[in-house]
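The values are calculated or read from the model by the stated rules, or taken from the named source; none is laboratory data. Bear in mind the structure is a predicted one, so any value in this text is a computation, not a measurement. Cβ sites come from the backbone with ideal geometry, for glycine too, and all protein chains shown count toward neighbours. Accessible surface is based on the protein model in full, side chains and every heavy atom, while ligands, DNA and RNA are left aside. Shrake-Rupley method; radii C 1.70, N 1.55, O 1.52, S 1.80 Å.
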Amino acid sequence: DAEKVAAYDSFFSYSGTYTIQGDRVAHHVELSLFPNWVGGDQVRRFRVAGDVLDIIARLDEGTPQARTALLSWTRSPRG
């Protein structure tokens with residue numbers, strides 16, 4: 001819990017490959033600030049509208065701290 005609190009107070013990240021099924025993306029975690037995530041999957045919903053990609057995560061579901069996080073990217077104009 002202390003590791004989670006410290007990371008959430010700053011940032012957290014993970015990397016690896018991914019697969020897509022329907023409106024879900026599964027990130028297959030190879031590296032992470034959270035050691036217990038390595039080797040697992042982080043599954044998120046996503047949506048694409050025009051040049052915008054949103055990834056939606058539900059964090060700490062079932063706890064009083066439950067919340068929804070939204071990461072949104074907009075494609076840069078080519079020029």
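A few comments on the model shown:
- Qualifying residue in segment 6-14 (condition: surrounded by 15 or more Cβ atoms within 10 Å (Cβ to Cβ) and in contact (Cβ under 8 Å) with a residue 24 or more places away in the chain): yes
- When we screen Val25, Val29 for residues that are touching a helix residue (DSSP H, G or I) at 6+ places or on another chain (Cβ under 9 Å), in a strand (DSSP E or B) and surrounded by 14 or more Cβ atoms within 10 Å (Cβ to Cβ), the only hit is Val29.
- The set of residues from segment 32-79 being touching a residue at least 24 places away in the same chain (Cβ under 8 Å), touching a Lys or Arg at 6+ places or on another chain (Cβ under 9 Å) and open to solvent by 60 Å² or more (accessible area, probe 1.4 Å) comprises just one member, Asp51.
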